[in-house]
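Structure record follows, encoded as structure tokens.
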Amino acid sequence: MDIKNKTFKVITNRVDKSFDIKSPEFSQMMGGFILKNYAKDNNLRVDVHNPDFKVFIDIKKYAYVYANRHEGMGGLPLGSSGNGLLLLSGGIDSPVAGFMMAKRGMRINCLHFHSYPFTSKRALQKAIDLGKILSQYTGKMRIYSVNMAEIYKEINKNCHRNQTTILSRRFMMRIGEKISEKNNYHALITGESLGQVASQTVESMAVIEDATKLPIFKPLVSLDKTEIIDRALFIGSYEKSIEPFDDCCSIFAPSNPITKPKLKYIKESESKLNIEELEDKAIENMEIFDI
């Protein structure tokens, strides 16, 4: 660093309180030391209000002295905020949601739903690839891959088509809860953004959340699509997310989905389905991938 004709300020952080000299006093002492040894030849001056550069001193077991700081990811240590199960689709939103919860210290595992043979195996591979990208930030993870084809067929056969999205999302929440109970996951995580699609209205969210007792974290709920895309570009998932492979939600999405569902009518439709059997069969046949 070129220090000629520059101004500086010393900032001390005394983590080890057993060190006798308090931070402001030590900063003054070190500022005097720097002036005494470097000021004459470099025309170096002190400016505590608007310095050209800062000298940082961290006093821990040892003293660390440095002048450059590089911003890291920030956040909390992984695992310090429990374990979450991310509903990982093949879209833009869910990897970003997983990254944001991991930044708050939650260890991430993933649950992916597909509808093979109605969707291709490449759609599943896309989700696995997104998991690999996400794992660069979250560390090792497990991806549970659950086939929803039979569930969708039963919904289409027995229920009103415009309820398909809500009914299937409730199935996803219950399946996620069952997997979480067996594996000590404390919350579900989704990439929902308020008002973005039919299942993400306030009314729809309330009806979907009724299906599980687990907390559902939605870190993207107040972000618009542009903000979410910016974050996807930042973590490197965007290009993979926009690859053109349909997920199970888009394949079976009704043309006129209900946007203000009533829980009463949704439960009436569910009474026509053998929910436990469908869920248990889907879980029994799921695949597991360790990333």
task = Can you sort Ser94, Ser222 by 1.4 Å-probe accessible area, starting with the largest?
result = Ser222, Ser94
ask   = Which pairs in the list Lys182/Lys213; Lys153/Lys267; Lys121/Lys182; Lys6/Lys60; Lys126/Lys262 are over 23 Å apart, alpha-carbon to alpha-carbon?
value = Lys121/Lys182; Lys6/Lys60; Lys126/Lys262
request  = Would you look at the GNM of the chain, springs on alpha carbons closer than 10 Å, and say which of Gly191, Gly139, Gly72 moves the most?
outcome  = Gly72
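Kindly rank 164-173, 198-207 from highest to lowest mean number of other beta carbons found within 10 Å of each residue.
Working: 164-173: 23.7, 198-207: 18.0.
Going by the mean number of other Cβ atoms within 10 Å, highest first, we get 164-173, 198-207.
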key: Burial ranking of peptide ranges 283-290, 53-60 (average Cβ count within 10 Å, highest at the top)   = 53-60, 283-290
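Answer rounded, prolate or oblate for the range 184-245, using the Cα gyration tensor with square roots of eigenvalues a ≥ b ≥ c: rounded when a/c is under 1.5, else prolate when a/b is larger than b/c, else oblate.
Details: a/c = 2.14, a/b = 1.57, b/c = 1.37.
It is prolate, given that a/c is not under 1.5 and a/b is the larger ratio.
How long are the semi-axes of the equivalent ellipsoid of the range 90-129, taking √(5λ) for every eigenvalue λ of the Cα gyration tensor, in whole Å from largest down? Let's see the in-between values first.
On the way: eigenvalues 118, 16, 10 Å².
The answer is 24, 9, 7 Å, longest axis first.
Heavy-atom accessible area per residue, the chain, 1.4 Å probe: how many Å²?
Numbers: 15800 Å² over 291 residues.
On a per-residue basis, the chain sits at 54 Å².
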remark   = In whole Å, largest first, the alpha carbons of the range 173-291 cover along the principal axes 43, 37, 28
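Based solely on its DSSP helices, what 222 nm [θ] is calculated for the chain when runs of n ≥ 4 H residues each add -39,500 (n - 2.57) and the sum is averaged over all residues, nearest 500 deg cm²/dmol?
Dividing the helical sum by the residues of the chain leaves -12000 deg cm²/dmol.
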inquiry  = From the P(r) of the range 1-112, could you give the percentage of C-alpha pairs in the tail past 20 Å?
reply    = 60
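What is the range 124-209 by shape, rounded, prolate or oblate, if you read a ≥ b ≥ c off the alpha carbon gyration tensor as root eigenvalues and call it rounded for a/c under 1.5, prolate for a/b larger than b/c, and oblate otherwise? Don't skip to the answer; put the middle values down first.
On the way: a/c = 1.78, a/b = 1.54, b/c = 1.16.
In terms of gyration-tensor shape, prolate.
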key: Local net charge near Glu284, Cβ-Cβ under 13 Å (Lys/Arg +1, Asp/Glu -1)   = -3
task = State the Kirkwood hydrodynamic radius of the chain in Å, one decimal place, computed from all pairs of distinct Cα atoms.
result = 22.2
query = Once phi is turned into θ = phi - 60°, what whole-Hz ³J(HN,Hα) does the Karplus curve with 6.51, -1.76 and 1.60 give for every residue of the range 217-222, x standing for Gly and Pro?
reply = 8, 10, x, 9, 4, 9
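With charges only on Cβ, +1 for K and R and -1 for D and E, what is the dipole size of the chain about its Cα centre, in debye, rounded to 20?
780
The values are calculated or read from the model by the stated rules, or taken from the named source; none is laboratory data. The structure displayed is predicted, hence computed values, not measured ones. Cβ sites come from the backbone with ideal geometry, for glycine too, and all protein chains shown count toward neighbours. Areas reflect the complete protein model, heavy atoms only, side chains present, ligands, DNA and RNA absent. Shrake-Rupley method; radii C 1.70, N 1.55, O 1.52, S 1.80 Å.
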